[in-house]
Amino acid sequence: MRDSALNNIRVIDLTRVISGPHCTMILGDLGAEIIKIEKPGTGDISREYSPFYQGHSTYFMTHNRNKKSITLNFRHPDALDIIYRLISDADILVENFKAGTLEKMGLAPEKLLEMNPRLIITRISGFGQDGPYSSLPCFDAVAQSLTGLMDMTGFPDAPPVMMGSYVCDFSAGLYGVIGTLAALHSREQTGKGQVVDVSLLDCACSLTHSAIMNYFMLNEVTTRNGNQDRAAWPASFYPTKDHKLIYIHAGQDPAFAAFCHISGNESYAEDPEYMHLNGRKNHIRVCDQLVSEWTCNHTLNEIMSMCRENNIPCAPVNTVKEMVSDPQLLHRNMICDMYDNNLGTIKTTGPVLKMSETPPKIQYSAPEIGEHNYEIYHDRLGYSEQELAMLKATGVI
């Protein structure tokens, strides 16, 4: 068994905040060596984002494990040569600047690919490298707003609601990983690197499910639908006897028949208007009423037990406090320990991928700013200690 899937793959990481760091973190989990280049003194801007634990940003720590940090002042004229040396034997460069920034830094992809034809350059930006919005700044909520995701979230009689997490940023990071791995596979066949262009807006658009087809083919505008499933009924959140909420999906025909059996509503399972999904779509309110009347007479645990015994999908509406003790997530190591040199053992989100031969690993926590300057600049690039002292004194690193 190999140590990791991406053994001997070296990544130069110019990213910050979420989308880019999440991309490189996953590559690091898979075993790639990640060299994160940060601004001297302050580093990745997300190091300043609250909340903090003993002076360390949990925001930053979440997306920057399994990385080595070096500092470099991009604005200094001597910085460019250092980046060229780093890139000369790298496999991947990942950046998430605004479109055109890489070119302004003297790092145009065409030039980099001349220097290192095998280099894969993954570019994650708000609007992509071209188009009328490409020069504009973009954040997760901007992408949610433009693509209709926000208008699709919430209740019909209330304003649009922003999603509870940075879903578009995460998806951009994931698409960045997918594109990077595809480019690595292509390189194995052709020997050539390439540019991978990932747009936060494009990623958000991809999350709208069938909304585009529905608009053009059915003349339907997908909008807010509350907690009700859009394709099957009954499937929503329902109150329990002990004043909790439970999600029940009895929208598929076998599940609806099972629900009717355990709730004492057998007649509906035999009614042509209700026994099939296409009929129930005309009676959504009645279906919801059947379920809520039943759940109101039972506790959460009673409902969970009966639904699971009858293969009806269900789930409690957990808080984060409840989520982190969920037995399935614990079994899958999604809440796991990570050792930090300053903080000791801390809890973090585990790697999502489970692989039989090359499982992802958390080797070390997020680095301190410039923690690996000596290792990279002296041991790898060959700068002497005197040269390093001069680079630091002149503000290059």
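Applying a DSSP loop filter and a limit of 14 other Cβ atoms within 10 Å to the trypsin sites (Lys or Arg not before Pro) in the stretch 36-83 leaves 75.
Spatial offset of the stretch 327-365 relative to the stretch 14-79 amounts to 19 Å, using the alpha carbon center of each. Springs join every pair of Cα atoms under 10 Å in this Gaussian network model of the chain, and among 164, 128, 344 the largest mean-square fluctuation is at 164. Surface composition of the stretch 246-397: carbon and sulfur make up 52 percent of the accessible area, probe 1.4 Å.
Within the straight-line cut-off of under 30 Å between alpha carbons, the lysines reachable from residue 104 are 36, 39, 67, 68, 192, 392, sequence neighbours fewer than 8 places apart in one chain being disregarded. In a DSSP loop and with at most 12 other Cβ atoms within 10 Å, the GluC sites (Glu not before Pro) in the stretch 174-282 are 220, 273. Pairs of Cα atoms nearer than 8 Å and 6+ residues apart set the relative contact order; for the stretch 46-164 it is 16 percent.
The value of relative contact order for the chain, using C-alpha pairs under 8 Å at least six residues apart, is 19 percent.
On a per residue basis, the stretch 1-151 carries 41 Å² of accessible surface, using protein heavy atoms and a 1.4 Å probe.
Of the beta bridges in the stretch 8-151, as assigned by DSSP with both residues counted there, near 10 percent are antiparallel.
Roll a 1.4 Å probe over the protein chains and send me the accessible area per residue for the stretch 187-272 in Å².
For the stretch 187-272, the solvent-accessible area averages 57 Å² per residue.
Ordering of 138-144, 378-384, 202-208 by packing is 138-144, 202-208, 378-384, highest average first (other Cβ atoms within 10 Å, averaged per residue).
Beta bridges assigned by DSSP with both partners in the chain are antiparallel in approximately 45 percent of cases. Each of 205, 245, 267 was placed along the dipole of the stretch 181-335 (beta-carbon charges, centred on the mean Cα), and the one lying farthest toward the positive end is 205. Normalising the average separation of contacting C-alpha pairs (under 8 angstrom, six or more residues apart) by the number of residues puts the relative contact order of the stretch 119-160 at 22 percent. Looking at the stretch 312-397, the GluC sites (Glu not before Pro) that sit in a DSSP loop and have at most 10 other Cβ atoms within 10 Å of their own Cβ are 357.
The values are calculated or read from the model by the stated rules, or taken from the named source; none is laboratory data. Source: prediction; values computed, not measured. Cβ atoms come from the backbone with ideal geometry, glycine included; neighbour counts cover every protein chain shown. Areas reflect the complete protein model, heavy atoms only, side chains present, ligands, DNA and RNA absent. Shrake-Rupley method; radii C 1.70, N 1.55, O 1.52, S 1.80 Å.
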